[in-house]
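Notes follow the structure.
The values are calculated or read from the model by the stated rules, or taken from the named source; none is laboratory data. Predicted, not measured: the structure shown is a model, and the values here were computed from it. A quick note on method: Cβ atoms are made from the backbone with ideal geometry, for glycine too, and the neighbour counts reach across all protein chains shown. Surface areas here come from the heavy atoms of the whole protein model, side chains and all, with no ligands, DNA or RNA. Shrake-Rupley method; radii C 1.70, N 1.55, O 1.52, S 1.80 Å.
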Amino acid sequence: CRADCIVFACGAGAAAWYPDISPSAGQVAVFAGEAPAQPVTWGGYACAAPGGVLVGATHVAGEDAGPDEPAIAGFREAYARHFPSLKAGEVVQTWRGVRASTPDRLPVAGALGPRSFVLSGLGSRGFAHAPLLAEHVAALAHGHMPALPRSAAEAFDPARFEIRRQRRGG
Ligand SMILES: Cc1cc2nc3c(=O)[nH]c(=O)nc-3n(C[C@H](O)[C@H](O)[C@H](O)COP(=O)(O)OP(=O)(O)OC[C@H]3O[C@@H](n4cnc5c(N)ncnc54)[C@H](O)[C@@H]3O)c2cc1C
C-alpha cells in the first residue's frame, strides 16, 4: 500500500469501519480415523487432515460459536450418517473462528474513500476468493490497473449497499 493509505483486511473486525459486515461464528473438529477418499460436502463437509478426518462446520450468528460438545456431537452424527463404514474416533483438534458476512453474501473488495480500502465479507469461501481479491485491492491501493474486470469490481464494490439504500430512499 502507498504510505498514505490504509487497508482494512481484518475479517469480521472490519465491521468497526464498515457496518454492512456481520459476524457468523463456527467450529470444525479433527477426529482420529479414516477419511473419505475425496473431500465430500453435504452442507457440512469432511476431508482428510493431519491426524485423521476434519469435519465441519457450524454456523452461529454472532461472534460466539458456543460450546464445543454439541458441535462435536453434531459432527460425529453427520459423519456416521454420511459414512456408515467409517468411524470418527477421538477428537484430535478443534478450531473455531468468526466469518465476516455481507447482506448479499458477496465479499467487499475495493475503496472505502480516497485513501482507504477494505477486503472483507469473505464468508465461508475465503480460501478460494482471498488471493484474487487481495491482488485487486493491492492494485487499487497502488494506483495500478485493477485485477478484476469492471463487472466483478462492481459486484464487490464496498459502496454497493449504500447505493442500494439510497435507491430505496433510505
Ligand atoms: C468454522 C469455519 C470454517 C471455515 N471453513 C472454510 C472453508 O472450508 N473454506 C473456506 O474458503 N473458508 C472457510 N472459512 C472461512 C475463512 O476462514 C474466511 O473466509 C477467511 O479466514 C477470511 O479471511 P480474512 O483474512 O478476511 O479474515 P480472518 O481470517 O478472520 O482474519 C482477520 C484477522 O484480522 C484480525 N483483526 C480483527 N480485528 C482487527 C483489528 N481491529 N485490528 C487488527 N487486526 C484485527 C483478526 O485477529 C484476524 O487475525 C471458515 C470459517 C470458519 C469460522
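For residue 159, are the conditions met, namely being assigned by TED's automatic domain parsing to the domain that holds residue 14 and either at pLDDT below 95 or under 30 Å from residue 56 (Cα atoms) (or both)? No, not satisfied.
Okay, residues lined up against (1) more than 12 Å from the ligand (Cβ to nearest atom); (2) open to solvent by less than 50 Å² (accessible area, probe 1.4 Å); (3) outside the structural domain of residue 82 (by TED's automatic domain parsing); (4) closer than 19 Å to residue 109 by Cα:
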site	(1), (2), (3), (4)
14	no, yes, yes, yes
28	no, yes, no, no
38	yes, no, no, no
43	yes, no, no, no
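Close Cβ contacts (under 7 Å, 6 or more residues apart or on different chains) running from residues in segment 85-101 that are in contact (Cβ under 8 Å) with a residue 60 or more places away in the chain to residues that are in a strand (DSSP E or B) and β-branched (Val, Ile, Thr) comprise 92/30; 93/30; 95/28. Exactly one residue out of 88, 128, 111 is of a type in the set (A, V, I, L, M) and either within 10 Å of the ligand (Cβ to nearest atom) or surrounded by fewer than 16 Cβ atoms within 10 Å (Cβ to Cβ) (or both), and it is 128. For the criterion of being under 18 Å from residue 20 (Cα atoms) and surrounded by fewer than 16 Cβ atoms within 10 Å (Cβ to Cβ), residue 135 fails. Only one of the listed residues (33, 51) is open to solvent by 50 Å² or more (accessible area, probe 1.4 Å), farther than 30 Å from residue 160 by Cα and touching a residue at least 40 places away in the same chain (Cβ under 8 Å). That residue is 51. Of 75, 161, all but one fail to be open to solvent by less than 70 Å² (accessible area, probe 1.4 Å), away from the ligand (no atom under 12 Å from the Cβ) and not hydroxyl-bearing (Ser, Thr, Tyr); the exception is 161. When residue 139 is tested against (1) more than 26 Å from residue 26 (Cα to Cα); (2) in the same structural domain as residue 44 (by TED's automatic domain parsing), exactly one condition is not met: (2).
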